[in-house]
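Trainee: Pasting a structure below so you can have a look.
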Amino acid sequence: MAKIGINIATGSLQQPEIIVGIDLGTTNSLVAIIHPDTKQPTALKEFDGSSIVPSIVHFDAFGNAEVGAQAKPYLESDPQNTIFSAKRLMGKSYKDIREHQDFFAYKIIDDNRDSLVKVQVGNQFYSPIDLSSFILSELKKRAEHILKTPVTKAVITVPAYFNDTQRQATRDAGKLAGLDVLRIINEPTAASLAYGLGMNPTEDKTIAVYDLGGGTFDISILKISNGIFEVLSTNGDTYLGGDDLDRAIIEYWMKQWSLDNLDQHTQLKQELRLAAEKAKIALSTQSIFESEFAGEKISITKEVFETLIQPIVQKTIQCCEKAMQDAGLTVAVIDTVLMVGGSTRVPFVKSTVSEFFKQVVNDSVNPDEVVALGAAVQADILAGNNQNMLLLDITPLSLGIETMGGLMDVLLPRNSKIPTQAGRQYTTQKDAQSGINIAIYQGERDLVKDNRKLGAFTLTGIPAMPAGLPKVEVTFLINADGILQVKAKELRSGVAQTIEIKPQYGLTDEEVEQRLLESITHAKEDIQKRALVEASTEAEQMLDVTEKFITKNSALLSPDELKQTALAMQALQLAITMEDKNLIQTKTEELNDISRPFAERVMDQAISSALKGKGIDDKDL
Ligand code: AMP
C-alpha cells in the first residue's frame, strides 16, 4: 500500500518530492515544473496569472529585503537601495564591470582589486551571490505556496557563456536559499529541451537559439547528437535588449516635443518609460499606438518603430554572423531557430532573424517561459521520471591514472561532457612483467599523491614479453548516470579487467572548489615536480638500458670505454639522488653521448656479420 504523507505545517497532503526548474534571469525569473496530471512542463502562476518575478531586490531602512514586483517601483524612487541585474555581477570582479559602472544605479564597491564585487546598501555589503539568493528564496517561497509542499531541489539555468566561477556562484546562491541545486544547465539547452529537442537519443540536429530579453542578447549555436548538447559557439551583447527598444521610442517622443532632459523629473521619466514599453508591446500586435502623456497626445506607428529599431536589431544579426563563423557553419545547416526572451515577440525581430537564417523561426513556446520550462524537463529527467533520456553533465574534476614516478596522466579532462569515453595505451617497464597496476585518481594536480584516489586494480595474466612490448589499453567510460568504468586490456593477448567507480558524488561542491583552488596555487610547484619526475624516469631508463648493453657486449668494448661508461653512470645516479633536474638532464645527455658510439659500432658489426651470411645470435647484440 502506498504511504500518504501529511505536511504538518499546512495540514495538506504531501505530494511526492518535486524538483523545480528555475530560470534565474537578468530582468525576470520564474519557476516551472512538470505538471503531475498533464505531464507537460508548466510555469508556476500566482492567482493573478503572473508567472514572472522581476529579478529586483529592494532593501528598506531596516535592511529587510523585498523581492520581485513589490521591489520594482523603488527602481525610480529609491535607486540606491534597489538592486537590479545582479546576474550581471555574478562571478565578476570590480575590474570586469568597471566600464559599465554607470549602468548600475546602486553602489558597487570600487576596491580596484581582482576579488569578487560587492554591493553596498546602507552600511551592509552584499555579494551578487547573496543578492541572487534573495531572488531564489522568493522563488522557492512562491513555489511552496503554489504547490503546497516544501521545495528543496532545483535545476537552475545559466547563460552558455557563464564560466566556472559564475556557475559556482549560481550554485552557491541556490544553497544559500536552501535549495539543493541538482544541476546547472545552459539556457539554450533548456530552451531546446522545452521544444522537445534532444529527447530522442538517435536525433542529430544543429540549432540556433536567439535570445533577446529585457537587457541582454545571446545567440548560441548548439549541436545535439545522441542526447548530448554541445555548444558550438556563443555570441551576444550583455547590454542590449528590450530596454534599448523602449529607449528608441522615448528618444523619438522627446525629439518631437523638443524635450532635452528629463533627468530632474524622476516621476515623469518613469511614466515615459512605462508608456514607451506599452507602445512597444502594443506594436507587436497593432500598427499604431496612441495615448496621452502629461496632457499631450502621443503616438507612434509600427513603421516608424521599425525604422527606429533597425540598427539595434542589426547589431544582433552581426552577433549571429560571428557565432556562425565561430561554429564554422553556414545557415543552410541550421535545422531549427528557436526564439527565446520577451523581445522576440516584436514582429520585426522575428522577420529579420528569419531572413538571416533563411527559414521560418520557431516561436511556438512562450518566449518568457521557455527556459524555465526546459529546466523543468531536465528536473523531471533527474527525478527519474523519464528513464529513456540521457543525463547531461560534465565531469567536475579531471580523471586519470598514475604513471611512472607517481605522475597523474589525465584521460578525461575536467568539464568533459558525459556520457563520454577516452582511452590510452601503456606498456610494461620490466621484462616478463605479468601484471600492471591501474590506480585511478581525480584532481588537477600533477602528482597523484596530491589528488584523490578513486580506486585501483591490477591487470594480471599478461603473458611473458620483453619490457615495452605489451600494449595495455586503459579505457575510461562514464555513462549517463555518472558511473565511471575503467577497463584495462592487453591487446596482444586479449587479457582484460574492469572496475566501476562512482566519482561524481564523492565530493561536495566545496571540496571540488578547494581542489581547483589548490591546483591553481600549486601550479608552478607542480610543473617543477613533474619536470623532475620526468627527468628522473628518463634517466633511470637510460641507466637500465646501458647496464643491459654493457653486460651483453662487454667483450666488444675497451677497458677505457668501460671505465668512462661506469663513471658517467655513477654521476647520473648521483644526480638522481640529489633530485637536481638540470643536473640529471646534463648527466643523461653525457651518458648518452658516451654510449651512443658503442651502440652504433655493435650494431654495425651485427649487420656486417649478417651480410656475410652469419645468423645473428641474440647474444651478439
Ligand atoms: P525577458 O527578459 O525575456 O523577460 O524579456 C523582457 C523583455 O521583453 C522586456 O523588454 C519586455 O518589454 C519585452 N516584451 C515582453 N512582451 C513583449 C511584447 N509582446 N512585445 C515586445 N516586447 C515584449
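Trainee: Rounded to the nearest 0.05, what FRET efficiency do I228 and K95 give with R0 = 30 Å and r taken as the Cβ-Cβ distance? Could you check?
Mentor: Efficiency computed from Cβ-Cβ geometry: 0.25.
Trainee: Hey, fewest Cβ within 10 Å first, where do R142, R452 land in order?
Mentor: Ordered from fewest to most neighbouring Cβ atoms within 10 Å, R142, R452 come out as R452, R142.
Trainee: Follow-up question, since we're still on this one. For the chain, build the charge dipole from Cβ charges (+1 Lys, Arg; -1 Asp, Glu) around the Cα centre, then report which of A279, F217, V121 sits farthest towards its positive end.
Mentor: Value computed over the given set: F217.
Trainee: May I pose another question? Quickly work out the I527-to-K269 label distance, labels modelled 7 Å from Cα along the C-beta direction, and quote it in nm with one decimal.
Mentor: Label at K269, label at I527, 5.0 nm between them.
Trainee: Just name one of A160, S416, L469: the one whose Cα is farthest towards the positive end of the charge dipole of the chain (beta-carbon charges, Lys/Arg +1, Asp/Glu -1).
Mentor: L469
Trainee: What is the magnitude of the charge dipole of the range 199-363 about its Cα centre, with +1 placed on the Cβ of each Lys and Arg, -1 on the Cβ of each Asp and Glu, and no other charges, expressed in debye to the nearest 20?
Mentor: 160
Trainee: Among Y106, P73, S93, whose Cα sits farthest toward the positive end of the charge dipole of the range 19-191 (+1 at Cβ of Lys/Arg, -1 at Cβ of Asp/Glu, about the Cα centre)?
Mentor: After comparing all options, I get S93.
Trainee: Quick one: putting +1 on the C-beta of Lys and Arg, -1 on the C-beta of Asp and Glu, what dipole do you get for the chain around its Cα centre, in Debye to the nearest 20?
Mentor: I would put it at about 1160 debye.
Trainee: Could you tell me which of the pairs K153/K350; K223/K524; K280/K358; K95/K141; K87/K223 are separated by over 32 angstrom between their Cα atoms in the structure shown?
Mentor: Cα-Cα > 32 Å for K153/K350; K223/K524; K95/K141; rest within.
Trainee: Please give the FRET efficiency for S558 paired with N200, using the beta carbon to beta carbon distance and R0 = 56 Å, rounded to the nearest 0.05.
Mentor: Step by step, r from the Cβ atoms, then E = 0.15.
Trainee: Same structure, new question: Could you give P(r) for the chain, binned at 10 Å from zero, as whole percent values over all Cα-Cα pairs?
Mentor: Reading upward from the zero bin: 3, 13, 19, 20, 15, 10, 8, 6, 4, 2, 0, 0.
Trainee: Would you list the membrane-span-like helices of the chain, meaning whole DSSP H runs whose alpha-carbon atoms span at least 27 Å along their axis and whose mean Kyte-Doolittle value is at least -0.5?
Mentor: Helices passing the filter in the chain: 128-147, 302-327, 559-578, 581-611.
Trainee: Quick check on the chain: of the DSSP beta bridges with both residues there, what percent are antiparallel, nearest 5%?
Mentor: 85
Trainee: Same structure, new question: Along the range 484-492, what does the Karplus equation 6.51 cos²θ - 1.76 cosθ + 1.60 (θ = phi - 60°) give for ³J(HN,Hα), rounded to whole Hz, x for Gly and Pro?
Mentor: Calculated HN-Hα couplings, in order: 8, 10, 10, 10, 10, 9, 8, 6, 6 Hz.
Trainee: Can you list residues whose amide H is under 5 Å from L44's amide H, if they're 5+ apart or on another chain and H is modeled 1.01 Å from N?
Mentor: Amide H neighbours of L44: V31, A32, I33.
Trainee: Dipole size in debye (nearest 20) for the range 36-98 around its Cα centre, Lys and Arg Cβ +1, Asp and Glu Cβ -1?
Mentor: Charge dipole of the range 36-98: 500 debye, to the nearest 20.
Trainee: Give me the one-decimal nm value for the distance between modelled label points at K417 and Q573, 7 Å along each residue's Cα-to-Cβ direction.
Mentor: 5.4
Trainee: How would you order 21-30, 283-292 from highest to lowest mean count of nearby Cβ atoms within 10 Å?
Mentor: Final packing ranking: 21-30, 283-292.
Trainee: So between K548 and V333, what do we pick up on full extension, going 0.36 nm a residue minus the alpha carbon distance?
Mentor: Full extension of this stretch gives 71.4 nm more.
Trainee: For labels at H145 and N366 in the simple 7 Å Cα→Cβ model, what's the distance in nm?
Mentor: Inter-label distance under the simple model: 1.7 nm.
Trainee: Ranked highest first by average number of other Cβ atoms within 10 Å, how do 228-236, 87-95 line up?
Mentor: 87-95, 228-236
Only the coordinates and a few stated rules stand behind these numbers; no lab work does. Quantities reported herein were computed from a predicted structural model and do not represent experimental measurements. Using ideal geometry, Cβ is built from the backbone for each residue, glycine included, and neighbour counts are taken over all protein chains shown.
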